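Okay, structure first, notes after.
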Amino acid sequence: MTKSIDDFFAAWTQTDADTRVALISGAIADGAFYVDPRTEAPMTDVVAMSEYVGMFAKMGMPVTVTNESTTLNFVRATVQFGAGEKSQNGQYIVDLNADGKITRMVGFAGMGVA
């Protein structure tokens with residue numbers, strides 16, 4: 001698994017704001033952006049990202065990167081939110097820089113339509 005992606009999603013389980021900011025800051029490159037189906041626009045600010053994922057941390061929901069596939073510096077990550085019958089999967093397309101930091105992450109709900 002990719003450390004920056006694991007660290008980014010580890011932030012989703014942290015109730016402490018400073019810990020979330022540290023994990024996200026360590027995972028993303030300067031100028032990186034994040035977007036998923038629940039965001040209104042791409043986020044580029046670490047504090048805004050931390051506040052956004054902090055909403056999920058308050059729910060006490062486990063968040064786990066379950067699969068990754070890589071082509072060059074692009075990663076497709078499958079992430080499980082929650083556990084048991086109430087869990088939901090999402091997929092993320094992640095661009096990494098030469099240092100392995102996230103430069104762009106685009107999330108999608110579910111696993112797509114066949």
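Numbers for the structure displayed
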item: Residues satisfying the stated conditions in the stretch 9-44, i.e. charged (D, E, K, R) and surrounded by 13 or more Cβ atoms within 10 Å (Cβ to Cβ); result: Arg20, Asp36
item: Answer residue from the stretch 52-85, given it is buried (at least 16 other Cβ atoms within 10 Å of the Cβ) and among the hydroxyl-bearing types (Ser, Thr, Tyr) and is nearest to Ala41 (Cα to Cα) among those; result: Tyr52
item: Subset of the stretch 89-114 that is more than 21 Å from Ile28 (Cα to Cα) and under 14 Å from the mean Cα position of the chain (by Cα) - its residue that is surrounded by the fewest Cβ atoms within 10 Å (Cβ to Cβ); result: Ala109
item: Residue match in the stretch 49-62 (condition: among the basic types (Lys, Arg) and either closer than 22 Å to Met111 by Cα or touching a strand residue (DSSP E or B) at 6+ places or on another chain (Cβ under 9 Å) (or both)); result: no
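Just so you know, all these numbers are worked out from the coordinates, no wet-lab data involved. All values derive from a computational prediction rather than experimental measurement. We place every Cβ from the backbone using ideal geometry, glycine too, and count neighbours over all the protein chains shown.
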